[in-house]
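A short write-up of the structure that comes next.
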Amino acid sequence: MQPTKTVNDLCQEHRLDYKQLAEKAGLEEGRVLAIVLGRWTPSPSEREKVAAAFGVTREEITWGHTTPIQHIYGSGPG
């Protein structure tokens, strides 16, 4: 089984910034920036477009939030 990478890892590996990725994937720049930063979990169709832009399957990418949500909303632990 091949290890998965984040979208940010793939951007660095392919030397793409979020604007270039947005153009290749056909998605809005703001949405792609949120995906790259781990602030947005993309829909299945968005996952397909991002994966295709890198030439990988969506199963080869780690999806989901990497930013702790409790800190965004100010209701963290304790």
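Computed from the coordinates by the stated procedures, all read-outs in this text should not be read as laboratory data. Note that the structure is predicted; figures quoted are calculated from it, not measured.
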Fill in the blank from the handout: For Thr62, the residues 5 or more places away or on another chain with a placed amide H closer than 5 Å to its own amide H are Lys5, Thr6, Val7
Handout entry: Per-residue ³J(HN,Hα) for the range 39-55, Karplus 6.51 cos²θ - 1.76 cosθ + 1.60, θ = phi - 60°, Hz, x for Gly and Pro
Key = 9, 9, 9, x, 5, x, 5, 5, 4, 4, 5, 5, 4, 4, 4, 9, x
Problem - Set of aspartates and glutamates near Lys24 by C-alpha distance (under 15 Å), chain-local residues within fewer than 8 positions excluded - result: Glu46, Glu48
Fill in the blank from the handout: In order over the range 26-37: 3J(HN,Hα) from phi, Karplus 6.51/-1.76/1.60, θ = phi - 60°, whole Hz, x for each Gly or Pro, gives x, 10, 5, 4, x, 5, 5, 4, 4, 5, 4, 7
Practice task
Quick one: grab Rg to one decimal and Dmax as a whole number for the range 1-70, Cα atoms only, in Å.
Solution key: 11.0, 34
